[in-house]
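Input: a single structure, listed below in structure tokens.
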Amino acid sequence: MFNQFSYNPAYAGMDNSLSFTGLYRKQWSGLTNSPITQNINVHMPLYILSGGIGINVENDKLGLEQNLLATLSYNFQIPVGKIGILAIGASGGIFQKTLDGALILTPEGQYEGLTINHNDDLPLPTSQLSELTPTFNAGIYFQTESFEAGLSTVNIQEPVIEGTFFSTTLSRNYFFNAAYQFDLLRSITVHPSILIKSDFIETQMEASILFKYNDNIFVGGSFRGYNTNTSDALSLIVGLNLSEKIKLAYAYDYTLSDLNLVSNGSHEIMINYNLGREIGKGKLPKIIFNPRYIE
């Protein structure tokens, strides 16, 4: 809920200043070659073009695969009366998939020391192979003082990555998020939110709630899944504002599926820096010099 720009290009500039986010996630800790995700993005308003721009870079490694994504985004922001802003955005970039053949294990393979011999009828690789493809994403985002919601889709054209030893299609995925905040007590605000991810074959929902004290320290939790068959994890979320510009957050996932037999849960840490002031707002006015009068 703190990293909307990573999956919706329409969020660019919606933090109202230069915003930098760094995220690291270690999933299913204790399981060999379990997924590791690193995400870095920066975005800001671009008032001269009535919108926002941003760059998003993500590195995702799972098993013998590594996926690297880099995209550039722009959105156009439309005021909705005096209540909020509607943003329409798009992004494009490069997706690189790398396959590490040295991590492939076969029943008859020989893997002693530096020897890599798969001993398989298939022509399996023994080194790293990489292929590139362009990818495009789009989204819309609506934001008011207390409510926000967005809808986006990634891999719009469902690009195909063709390699010597592998071929794969990046499926089109959809994201919907919504969040609301209200005052519970004078110094405590409540922030419920929801995130739904789907490719219309499989769907996953994440419902969260945070309690923030003095707009500084926050704690909460989330549930990922939507019934007993799709229950994935319960998360504990804590964080605080280290300063007026820096936010730090940590989440621990307790795995609810059978993966809890071989993993110790998941860990995720995020840091956000927000400049906290307007930059590049429109064009500077013409300089008007004070006239001098002669008596």
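Each value in this text was obtained by applying a stated rule to the coordinates, not by laboratory testing. None of these values were measured; they are calculated from a predicted model. Glycine also receives a Cβ, built like all others from the backbone with ideal geometry; neighbour counts cover every protein chain displayed.
Note on the stretch 150-239: dipole from Cβ charges, positive end direction compared against 155, 177, 166; the farthest Cα belongs to 177. Pairs of lysines in the chain whose Cα atoms sit within less than 19 Å of one another amount to 4, provided the residues are eight or more positions apart or on different chains. Stokes-Einstein diffusion for the stretch 102-233, with the hydrodynamic radius set to the Kirkwood value over Cα pairs and evaluated at 20 °C in a medium of 1.002 mPa s, equals 111 µm²/s. For the stretch 265-274, the Karplus equation 6.51 cos²θ - 1.76 cosθ + 1.60, evaluated at θ = phi - 60°, returns couplings of x, 10, 10, 9, 10, 9, 10, 10, 10, 10 Hz by residue, with Gly and Pro reported as x.
Since only 64, 128, 89 are under comparison, the one whose Cα sits farthest along the positive direction of the charge dipole of the stretch 1-158, derived from C-beta charges on Lys, Arg, Asp and Glu, is 89.
Between residue 88 and residue 122, the contour length at 0.36 nm per residue exceeds the alpha carbon distance by 7.5 nm.
Secondary structure note: in the stretch 1-110, about 100% of the DSSP beta bridges are antiparallel. Going by neighbour counts of Cβ atoms within 10 Å, the residues 32, 21 line up, fewest first, as 32, 21.
Backbone geometry of the stretch 241-256 corresponds, through the Karplus equation with coefficients 6.51, -1.76 and 1.60 at θ = phi - 60°, to 3J(HN,Hα) couplings of 8, 5, 7, 5, 10, 10, 10, 10, 9, 9, 9, 10, 9, 9, 6, 9 Hz, x marking Gly and Pro.
The gain in end-to-end length when the residue 230 to residue 275 segment is fully stretched comes to 12.2 nm, 0.36 nm per residue minus the alpha carbon separation. The computed mean projected area of the Cα convex hull in nm² for the structure shown corresponds, within [x] 23.6; [y] 19.0; [z] 29.2, to [x].
Could you give the longest part of the chain that holds none of the trypsin sites (Lys or Arg not before Pro) found in DSSP loops with at most 13 neighbouring Cβ atoms within 10 Å? Result for the longest clean stretch: 83-185. Across the stretch 126-140, the residues whose backbone nitrogen lies under 19 Å from the label position 7 Å along the beta-carbon direction of residue 110 are 126-127. Stretching the chain fully between residue 187 and residue 48 yields a gain of 46.3 nm (0.36 nm per residue, less the alpha carbon separation).
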